[in-house]
Amino acid sequence: MIVSAPDVRRHAVLGAVKGGEIRPAFQPIIRLREQSLAGFEALARWDSPTYGSIAPSTFIPWAEEDGLINALTHGLVSSACAAAAAWGEHFFLCFNISPLQFNGSDLVSVIFSAVDGTGFSRHRLVMEMTETSAISETRNAHEMIGHLSKSGVRIALDDFGTGHSGLSRLLSFPFYALKIDKTFVRTIEADADARMIVSAIVGLCDSLGLKVVAEGIERPEQLAVLQELGCTYGQGWLLGREMTPAAAAHFAEGRKVATHYPETAVDLAEEAA
Ligand code: C2E
Ligand code: MG
Ligand code: MG
Ligand code: MG
């Protein structure tokens, strides 16, 4: 029998979550038309003093398996909101929520206990879920998402286009925004199919009244195509890398802010124009 070597870092995840070693990095989400700031996605970063930096694709599954994912989310939301409250009022913060968390019963209280008291409004929060969360736990996810959106927390569908869920079932959730997965953006210059898919997603979002965000924009040519296709928001290394709180504060200061939360009639009219 072949047994893979135990990963010593795996056992450090508990201490890292409890000890606040897992911190948010902030990546800007930009309104493409005038390149203004719409929000930031808070991405989990673990820079271990012992093991160096470990990717979220490695440690998030460990936190999930060890029942630490709600504690991790709580720590990230509270520290990100406390920091971002000082950067101005008119941008949102996005967080990634694991499929597991839509299956439990604690997510709503985890989020509210984390944000309350930070000075950051609940109405400026967007929770990102993947298609997996939508399909595997449909009933529970529906309840959780209904509860969150009734309380003013927005929900976005992350990595759209990579899952296998039926469209009608997916769209039965009250999504605020849909994020086009970076696999489509990667090939959008050369691949007519990718362009057609993105164009169709943008059209779908327009007719359903959903915001649309393109992920993984790395090159000016990709940005140009996305603007031509009418995609409103974007995210990627071309527009802004993941940043420390200090760098994000500076970034926010230098950008005219795109959207007001909660939205006013003026914003909606301006967007329609
Ligand atoms: P995601 O939510 O789709 O996040 C976007 C990922 O794309 C991030 O990877 C980001 O660093 C990366 N990215 C941003 N711009 C570009 C670009 O221009 N090109 C390319 N190639 N990549 C870009 P990261 O930070 O490694 O996170 C990976 C995934 O881990 C996230 O994908 C998300 O699903 C998950 N994740 C991150 N933080 C958390 C968290 O706090 N909780 C949970 N449950 N999952 C998280
Ligand atoms: Mg995300
Ligand atoms: Mg994504
Ligand atoms: Mg992803």
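Looking across segment 158-171, the residues that are open to solvent by 50 Å² or more (accessible area, probe 1.4 Å) and either outside any loop (DSSP other than H, G, I, E, B) or within 18 Å of Gly203 (Cβ to Cβ) (or both) come down to Leu167, Ser168, Arg169, Leu171.
Is it fair to say Ser199 is open to solvent by less than 60 Å² (accessible area, probe 1.4 Å) and among the hydroxyl-bearing types (Ser, Thr, Tyr)? Taking the combined requirement at face value, the residue satisfies it. Taking the criterion of being open to solvent by less than 70 Å² (accessible area, probe 1.4 Å), small (Gly, Ala, Ser) and modelled with pLDDT of 95 or more, the residues of segment 78-97 that qualify are Ser78, Ser79, Ala80, Ala82, Ala83, Ala84, Ala85.
Taking the criterion of being over 18 Å from Asp66 (Cα atoms), acidic (Asp, Glu) and surrounded by 13 or more Cβ atoms within 10 Å (Cβ to Cβ), the only residue of segment 3-46 that qualifies is Glu41.
Does Ala248 qualify as being buried (at least 19 other Cβ atoms within 10 Å of the Cβ), modelled with pLDDT of 95 or more and closer than 21 Å to Gln27 by Cβ? It is true that Ala248 is buried (at least 19 other Cβ atoms within 10 Å of the Cβ), modelled with pLDDT of 95 or more and closer than 21 Å to Gln27 by Cβ. Out of (1) assigned to a strand (DSSP E or B); (2) open to solvent by 40 Å² or more (accessible area, probe 1.4 Å), what's the single condition that is false for Glu128? Every condition holds for Glu128 apart from (2).
In segment 172-183, of all residues being open to solvent by 30 Å² or more (accessible area, probe 1.4 Å) and touching a strand residue (DSSP E or B) at 6+ places or on another chain (Cβ under 9 Å), the one that is farthest from Gln227 (Cα to Cα) corresponds to Pro174. From the list Ile145, Ile155, the one residue that fits, being within 16 Å of ligand 1 (Cβ to nearest atom), open to solvent by less than 40 Å² (accessible area, probe 1.4 Å), under 24 Å from Tyr233 (Cβ atoms) and assigned to a helix (DSSP H, G or I), is Ile145. Considering the conditions (1) open to solvent by 40 Å² or more (accessible area, probe 1.4 Å); (2) farther than 29 Å from Ser105 by Cβ; (3) modelled with pLDDT under 95, Ser53 is excluded by exactly one of them, (3). Out of everything in segment 98-122 that is among the small types (Gly, Ala, Ser), in contact (Cβ under 8 Å) with a residue 24 or more places away in the chain and farther than 22 Å from Ala248 by Cα, what residue ends up being least open to solvent (accessible area, probe 1.4 Å)? Filtering first and then ranking leaves Ser98. Within segment 31-79, if we keep just the residues that are within 11 Å of ligand 1 (Cβ to nearest atom) and touching a residue at least 60 places away in the same chain (Cβ under 8 Å), the residue that is nearest to the chain's Cα centre (by Cα) turns out to be Glu41. Listed by first and then second residue, the pairs linking a residue in segment 136-165 that is of a type in the set (Ser, Thr, Tyr) to a residue that is more than 16 Å from ligand 3 (Cβ to nearest atom), with Cβ atoms under 6 Å apart and 6 or more places separating them unless they lie on different chains, are Ser149/Pro174; Ser165/Ile135.
Residue pairs whose Cβ atoms lie under 8 Å apart, sitting 6 or more positions apart in sequence or on different chains, and linking a residue in segment 176-197 that is within 28 Å of Phe92 (Cα to Cα) to a partner that is basic (Lys, Arg) and surrounded by 16 or more Cβ atoms within 10 Å (Cβ to Cβ), are Tyr176/Arg154; Tyr176/Lys211; Ala177/Arg154; Ala177/Lys211; Leu178/Lys211; Ile188/Arg195.
A quick yes/no check of all residues on (1) modelled with pLDDT of 95 or more; (2) under 30 Å from Ser149 (Cβ atoms); (3) open to solvent by less than 20 Å² (accessible area, probe 1.4 Å):
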residue: Glu218; (1), (2), (3): yes, no, no
residue: Ala224; (1), (2), (3): yes, no, no
residue: Gln235; (1), (2), (3): yes, yes, yes
residue: Arg241; (1), (2), (3): yes, no, no
residue: Pro262; (1), (2), (3): no, yes, no
residue: Glu271; (1), (2), (3): no, yes, no
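The values are calculated or read from the model by the stated rules, or taken from the named source; none is laboratory data. Keep in mind that what you see is a predicted model, and the values were worked out from it rather than measured. Virtual Cβ from ideal backbone geometry, glycine too; neighbours counted across all protein chains shown. Surface areas here come from the heavy atoms of the whole protein model, side chains and all, with no ligands, DNA or RNA. Shrake-Rupley method; radii C 1.70, N 1.55, O 1.52, S 1.80 Å.
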